[in-house]
1. Quick one: Debye curve from the C-alpha atoms of region 412-493, no solvent, what's log10 I(q)/I(0) at q = 0.11, 0.14, 0.20 Å⁻¹?
2. To the nearest 10 degrees, how steeply does helix 169-190 sit against the main Cα axis of the chain, on a 0 to 90 scale?
3. Considering Cα pairs under 8 angstrom that are at least six residues apart, work out the relative contact order of the chain and quote it in whole percent.
4. With an 8 Å Cα cut-off and a minimum separation of 6 or more residues, compute the relative contact order for region 392-506 in percent.
5. Taking every DSSP beta bridge that has both residues in the chain, what percent is antiparallel when rounded to the nearest 5?
6. Return the calculated 222 nm mean residue ellipticity for the chain, to the nearest 500 deg cm²/dmol, obtained by summing -39500 (n - 2.57) across DSSP H runs with n ≥ 4 and dividing by the residue count.
7. Considering only the other residues whose Cβ falls under 15 Å of the Cβ of residue 289, what net charge follows from Lys and Arg at +1 and Asp and Glu at -1?
8. Order 408-420, 282-294 from most to least packed using the mean count of other Cβ atoms within 10 Å.
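Only the coordinates and a few stated rules stand behind these numbers; no lab work does. Owing to the predicted nature of the structure, the values given are computational and were not obtained by experimental measurement. All Cβ positions, even for glycine, are placed from backbone atoms using ideal geometry, and neighbour counts span all protein chains on display.
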Amino acid sequence: MGLNRHGLGDNRRSAHLCDLAALLAGAAMPLAFAPYGWSLVAVLSLAILFRCWLDVRPGRAFWRGWLFGLGMFGYGIAWVQISVHQFGLPVLAFSVSVTALLVMFMALYPALVGYAAQRWFWINSRASLLVVMPALWALGEWLRGWLFTGFPWLSVGYSQIESPLAGYAPVGGVYLVGLAVAASAGALASMPRERLGPVLMLSAVWGLAVALSQVSWTKAEGAPVRVALVQGGIEQSQKWDPEMKNRTLELYRQLSERYWGQVEIIVWPETAIPAFGSEVKDFIAEVDDRAARSGTDIVLGLPVDDRDEQGRIISYYNSIIALGSAVSRYDKRHLVVLGEYPPFQSVLMPILRSLSIPMSEFSHGAPEQAPLSAAGLKLAPSVCFEDAFGEEVIDFLPQSHLLVNVSNDAWFGDSLAPHQHLEIARMRAVETGRYLLRATNNGISAIIDPRGEIASRSPQFIANVLAGEATAHVGATPYVRVGNALLVVLASTLLAIVRLSARHRQ
């Protein structure tokens, strides 16, 4: 019996082989991301998945998408187990279980894409591979980036930061780059059945990307600004130890000493000061005074607290403050669920307290905040995980001249996470056409140019000061003006056309 779209001709062995192929293709996907950087693996992995979605029932497509997700997230975000085990509950069964649950949940996104492709958008194999699957994949990643506060890690567009497809980033952001990856995968997957259409599609997608890569969407303004990014290299296990507080403050004081008056901006990482601002007023006043006298502004991370009349903390924020020629403050808006705030406090707060996770009750910063001010420039701020959300970074543009991200990847040890996080930061620079100053606690600190190239970077796990230059930029990329709307409208329009075509045929 011949093969049909419901897979009635599949024998059990070939079906299981395709299930295995989907799992292995997913497991290979992280190789496209940093630190490996084999960008074409993303296209090949999706091409295998798309082929495995052909000629099967919706339930089987769901299953294969879920297997793909298990492989992809099971390898790509296995580093979550490190933070849960070392800085939460040090019981292997617990940390592995929590990580496995997260992986299984994340795997639902590609599973639902496969189900939707077969359940609601089937016309024929050609339309599925060239239009439906790429559009649904891009929308699925966009949905994953905001639903339940969002988890955009391993969005395939990030894997293309050094490929020509990155040319789409200033136009429609990382998810438009992801659509280009998925469209390339669909064209590749359809080649065994036809040649001309897929070749034309690949030529168009990659040719346009190359052309867009030559466009300068923003322009430099003024002389380069000298900067120094201070990396304390403090182990996470020691960071919140009260006995380490004074040693930490002294370390940052010493590391910064030679740069006062020598650079325009010094940046310290997320919670570089491991104490509430009200507890270290004298130290902050000293730093502010030194900045004002030397002509060097400083941007630093610390927790800021609000207290009642009795001196009790009523709320506190994961903040960045700028001192020196002007004083400004930014409070982190997009907090990490469980790590920084409990979504269901009556149920989860006792658990978090039993795990002794430090600073797990932060308050959300106000949705509308002004850019930071330093060295006569406006800085678009983000704290750690916030730089994974492009539409939140562009809230401060086009008025900001530079991007600044303070972070602490010490939670994840010597794993893939710091490298993946740096790759994400690079995409924000490309999307906005701005330099990005990235200061981290133990690496990887970096100065990133508007093309996403790393001008300079620090080694990991040591105290270090990364000195260099960054140039202010003005203007707005298309992505700064419209955000993810272009991708959503484009993908939705393609799917609507397919649906209308299907109804017409019926």
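1. Ignoring solvent entirely, the Cα scatterers give -0.37, -0.56, -0.89.
2. Tilt relative to the chain: about 30 degrees.
3. Details: 1054 pairs, mean separation 82.7, N = 506.
Value for the chain: 16 percent.
4. This gives 24 percent for region 392-506.
5. Numbers: 32 of 49 bridges.
Around 65 percent of the beta bridges assigned by DSSP in the chain are antiparallel ones.
6. Details: 17 runs with 224 residues, N = 506.
Mean residue ellipticity at 222 nm (helix-derived): -14000 deg cm²/dmol.
7. On the way: positive: 253, 281, 290, 293; negative: 257, 282, 286, 288, 297.
It works out to a net charge of -1.
8. Values: 408-420: 20.7, 282-294: 15.9.
Packing order, densest peptide first, comes out as 408-420, 282-294.
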